[in-house]
Structure formats: C-alpha cells, structure tokens
Amino acid sequence: MYILERHNGRLPLRIKAVAEGAVVPVGNGRASSCIYSPQNTQCWTLTVSRAFFAVLFTVENTDPSCYWLTNYVETLLAQVWYPTTVCTSSRAQKQVLAEYLDETADNLEGLHFKLHDFGFRGSTSVESAAIGGAAHLVNFRGSSTIVALASCRDYFGAEMAAKCIPSAEHSTITSWTRERESESYKNLLKQFQGNVSCVSDSYDIWNACDKIWGEELKDLVIERGKSGGVLFVRPDSGDPATVVVKVLEILGSKFGISRNSKGYKLLPPYLRVVQGDGIWYESLKKILDHLKKHRWSADNLTFGSGGNSFDFCSLE
C-alpha cells in the first residue's frame, strides 16, 4: 500500500541502460549493489570491480523506505543476459565470417546472410526461440525461426526482419525412398523458383554430388541458374571441414570453377553449399580455415546454426 499511496503505484526506481543493440566493451564500469538502511537515508554500496564485467544497465532506488526494491527487480531485469549472450556470440561469428570473406572473396556482399538461424528446434521454449532468434537478427538477416520474426514485428515494428528460402529436410527426401532420391531433388527444383536448399546426405552425399547433381540434374541446375535460381547443396553429417571441401571439389569437377581476383576458387554463381551441422564459433573458424588452405573462397559457403545458436550459452 505504501508504494500505491506515496508513488501512485509506480516503483520508485531510476533505471539507466545503454542503447539497445550497442556494442559494449568489457571493463566499462564497476558492478555495484546499493542498499538503503531502513533506519535512515544512508545508502550502503558494495562495489566489485572486475576486468570482465560489462555494465549494461543500472538500477537506483529513489525511496529509502523501499530499500529492498532493487534486488527484487534485479531477478527480472537480469534475464537480458540471454539475448545479450546470443547476440554477442552471433556478432563474434559474424566477425570471423567477415575476416575470411575479406581474405578470400572479392567483397563482403551477402555477409548478412552467411549465418542462418536454424535454432527453433533446439530451443527450450517458443518464447526463448523468439527472444534468442530476435537477438541473432541484430547481426544477420537469415532465419527459419518464425517466432523471432513475429517478435521483431510486434515489438520493434519490423515488418520482415529476415528472409528464408524453400529448403528440403531429410524426411522430405527419404519419403520418396532411396530409389527415387533423384526424383525428390528434381521435384524441389521444379516446384520452387529462385533459390532452394537441398539436404543431400540422406543416403550418400558423394553420390548425390557426383551422379545426381553433377550428371542427372546438371542441365536443370544450370537452366534454373539462367533466371537467377541458386541451388544450395547441403551436406549434414561427418566432419564439417573435411566434408565441405570434398563436396566443393566434386561439384567443381562437375560444374566447373572460376577464380576471383584474389586467386580463390568459386563455383558457378548458380551453385553454392550450405553447412548446417555442428556450427559454432570454433567450428566455423576451422571450416573456413580449411577452405582457405585448399584455395576455396568463403563466398562458396553459407552456414546454418541450430541449437548451438541458443542453448550453448549461460549466465556465467
């Protein structure tokens, strides 16, 4: 009743925060806890200074009689750690991608679509997928997490915060049976215009790249490319660094390659590879470094990150 009568129901707090989406370095301030003594107006402050702290917001109690209020709201406000951590991880991976594109590609065009969000299924809840997915979209523009787009629309006024392309998954391939694997791929190319992604390791990724894409459906892939359609071949098992390079080598032998101004190999513009298995900060660097050693441009590859986007992080 005290807060209701004295403050018209408003909490006597002063909250200050850095701008949303701002890049904040660690060590930018000190972590403090300020508690009012109930007997007087003294404010007892416990300050801890650590190099790895990043102060994102401060909460100050403006009424000595409500000395307990700061700690009460801290539990709720501290939940910003989750989207902050997802966003920080996403940004770190974007920096890695930018570095390798700068070294092996002619430009950084398409950087915003180089790390696609596949994380909905790996999230602990629909709400966490929305929050974490929106955080990822601070850095990138590709997402399959529909609830993140809805969240960005509802809370930030973004009509369409991300884009996605028609994509096959294992069930949509295996339902055709192994004998009709080629037909399932062809159906995908025929049903959709523009860019499509096809998971190609349901049975044998090497045969899919060599015989199905590289021979049976080669003319169709090339023909679609004349109208701007790009096929993203998706391996989804094995050691990512090794598999991606071998897939590129097979596709390059079938469709031909060119070299950019920096001497790195490129598939034709209508053909790319997407790696969506086992992607996180360390594996991303390993894959891109392996590509570089084999003289393949990072421009050939797009990544998708699943549960690692949202669940491989913690408050600490």
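Observations
- For region 82-122, a residue qualifies if it is within 26 Å of residue 258 (Cβ to Cβ), of a type outside the set (Asp, Glu) and out of contact with any strand residue (DSSP E or B) (no Cβ under 6 Å at 6 or more places or on another chain), and the qualifying residues are 96, 97, 98, 100, 101, 104, 105, 107, 108, 110, 111, 112.
- Leading residue by the ranking (surrounded by the fewest Cβ atoms within 10 Å (Cβ to Cβ)) among those in region 104-120 that are part of a helix (DSSP H, G or I) and in contact with a helix residue (DSSP H, G or I) (Cβ under 8 Å, 6 or more places away or on another chain): 111
- Residue check for residue 276: open to solvent by 10 Å² or more (accessible area, probe 1.4 Å), under 27 Å from the mean Cα position of the chain (by Cα) and not hydroxyl-bearing (Ser, Thr, Tyr): yes
- Residue 218 vs. criteria open to solvent by 50 Å² or more (accessible area, probe 1.4 Å) and free of Cβ contacts under 8 Å to residues at least 12 places away in the same chain: no
- Residues that are of a type in the set (Ser, Thr, Tyr) and either closer than 22 Å to residue 192 by Cβ or buried (at least 21 other Cβ atoms within 10 Å of the Cβ) (or both) are absent from region 231-246 altogether.
- Failed item in (1) in contact with a helix residue (DSSP H, G or I) (Cβ under 6 Å, 6 or more places away or on another chain); (2) in a helix (DSSP H, G or I); (3) at pLDDT below 95, with residue 41 passing the rest: (2)
- Condition met for residue 54 (under 15 Å from the mean Cα position of the chain (by Cα), open to solvent by less than 50 Å² (accessible area, probe 1.4 Å) and either within 25 Å of residue 25 (Cα to Cα) or modelled with pLDDT of 95 or more (or both)): no
Yes/no per residue for (1) buried (at least 18 other Cβ atoms within 10 Å of the Cβ); (2) touching a Phe, Trp or Tyr at 6+ places or on another chain (Cβ under 6 Å); (3) of a type in the set (S, T, N, Q):
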{"position": "159", "(1), (2), (3)": "no, no, no"}
{"position": "167", "(1), (2), (3)": "yes, no, yes"}
{"position": "171", "(1), (2), (3)": "no, no, yes"}
{"position": "179", "(1), (2), (3)": "no, no, no"}
{"position": "194", "(1), (2), (3)": "no, no, no"}
{"position": "214", "(1), (2), (3)": "yes, no, no"}
{"position": "222", "(1), (2), (3)": "no, no, no"}
{"position": "228", "(1), (2), (3)": "no, no, no"}
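- With respect to the conditions (1) modelled with pLDDT under 95; (2) in a loop (DSSP other than H, G, I, E, B), residue 282 falls short on a single one, namely (2).
The values are calculated or read from the model by the stated rules, or taken from the named source; none is laboratory data. Treat the numbers as computed from the prediction; the structure is a model and nothing was measured. Glycine also receives a Cβ, built like all others from the backbone with ideal geometry; neighbour counts cover every protein chain displayed. Please note that ligands, DNA and RNA were not included when accessible areas were found on the heavy atoms of the full protein model with its side chains. Shrake-Rupley method; radii C 1.70, N 1.55, O 1.52, S 1.80 Å.
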